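Beneath this line is the structure, given in structure tokens, with notes to follow.
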Amino acid sequence: MSSLSTSKWTKYKLLRKSSELKMYLPETAWLKESTFSRMLTKYREIIVKPTGSYGGNGVIRIRQTDLATYEVQDGAKKKSFTDKSKLVAFMKKKAKKNHIVQQRIPLATVNGRPFDMRVMVQRRPGSPWQVTGKLAKVAGAGFIVTNIRMSSGKVVTVEHALKKSELSSINANDLLAQLDKVALRSAAQLGPSYRWVDTMGIDMAFDKKGNVWIIEVNFTPMLELFLKLKDKSMFRKIKSFHRSSNSHSGIKSRYHK
């Protein structure tokens with residue numbers, strides 16, 4: 001088992017080493033007062049999240065709504081500040097340690113609700129990485145996170161989400177091909193550092209212009225999300241990879257994210 005950290009920050013730094021993948025990564029920094037202020041000024045909308053959590057826990061959005069007003073959204077709750085120093089003091093209390101700050105991507109939406117995608121990339125021992133399934137997670141009303149349990153969002157096929165989004169005029173096959181290409185490249189980049197990993201659930205997104213983004217990579221993705229799709233064939237395929245790699249390694253993994 002590798003001793004390398006599996007935190008969001010470590011995986012981000014490994015992905016950043018690829019000149020090919022850099023353009024698909026939102027700017028991310030270790031949270032300090034200086035990085036918080038710099039990125040809020042630069043992007044006007046940022047995300048702060050713990051580097052070790054999963055499932056959308058602790059994700060906070062900060063948005064500058066006009067020259068001197070800042071809106072903080074945590075779950076479905078919103079709070080406004082007109083004094084930046086009070087905002088900084090509030091965030092220091094909220095995010096005590098081990099948090100990252102990230103450029104907020106203007107996600108494509110379905111009926112005004114943001115969506116991202118879970119792309120499953122798996123390998124059998126001695127074989128190359130393959131995309132074995134993908135789905136779209138649409139955020140619940142009033143939420144910024146797409147995590148299904150947290151926001152009461154819904155799972156749909158990626159094709160359905162694209163058709164119902166502002167990207168419907170772009171060729172869906174082109175978007176899906178780009179998604180697969182970036183997902184496979186991400187797995188190839190991380191694979192050598194985590195040789196024991198044979199399943200990755202890569203959270204990816206399209207922005208409102210159809211550009212692909214890598215949000216984060218999970219090594220313990222919740223496979224049951226795929227049971228929420230009408231067609232269960234993707235779930236069966238993912239499980240077959242999972243079983244064969246487990247029996248080969250003798251390791252029984254727990255999938256919880």
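Quick check on the chain: what are the equivalent-ellipsoid semi-axes from the Cα gyration tensor, as sqrt(5λ), descending, whole Å? Kindly include the intermediate steps, with their values, before the conclusion.
Working: eigenvalues 190, 92, 55 Å².
Ellipsoid semi-axes (Å, largest first): 31, 21, 17.
With the alpha-carbon atoms of region 107-247 aligned to their principal axes, the span from lowest to highest coordinate is 43, 27, 25 Å, starting with the largest. Taking label positions 7 Å along the Cα-Cβ direction at both ARG236 and GLN130, the computed distance is 1.5 nm, reported to one decimal.
Counting other beta carbons within 10 Å of each residue's own, what order do HIS160, HIS242, HIS99 fall into, fewest first? Write out the running numbers ahead of the final one.
Working: HIS160 15, HIS242 18, HIS99 23.
Least to most surrounded, the residues fall as HIS160, HIS242, HIS99.
Where the centre of each part is set by its Cα atoms, how far does region 65-132 sit from region 23-44, in angstrom? Taking the Cα centre of each part, region 65-132 and region 23-44 sit 12 Å apart.
From its DSSP helices (H runs of at least four residues, each -39,500 (n - 2.57)), the chain gives a residue-normalised ellipticity at 222 nm of -9000 deg cm²/dmol.
Note on LYS163 and THR82: the model spin-label points, each 7 Å out from Cα along the C-beta direction, lie 4.8 nm apart. Taking Cα centre as origin and charging only the Cβ of basic (Lys, Arg, +1) and acidic (Asp, Glu, -1) residues, the dipole magnitude of region 26-103 rounds to 260 debye.
Across region 26-103, Cα-Cα distances exceeding 16 Å account for 44% of all pairs.
The stretch between THR69 and LYS92, if pulled fully straight at 0.36 nm per residue, gains 6.5 nm over its current Cα-Cα span. Over all orientations, region 1-142 has a Cα convex hull whose mean projected area works out to 10.7 square nanometres.
A short reminder: the numbers here are calculations on the coordinates, not readings from a lab. The shown structure was predicted, so the numbers you read here are calculated from the model rather than taken from an experiment. Every residue, glycine among them, receives a Cβ derived from its backbone with ideal geometry; neighbour counts consider all protein chains shown.
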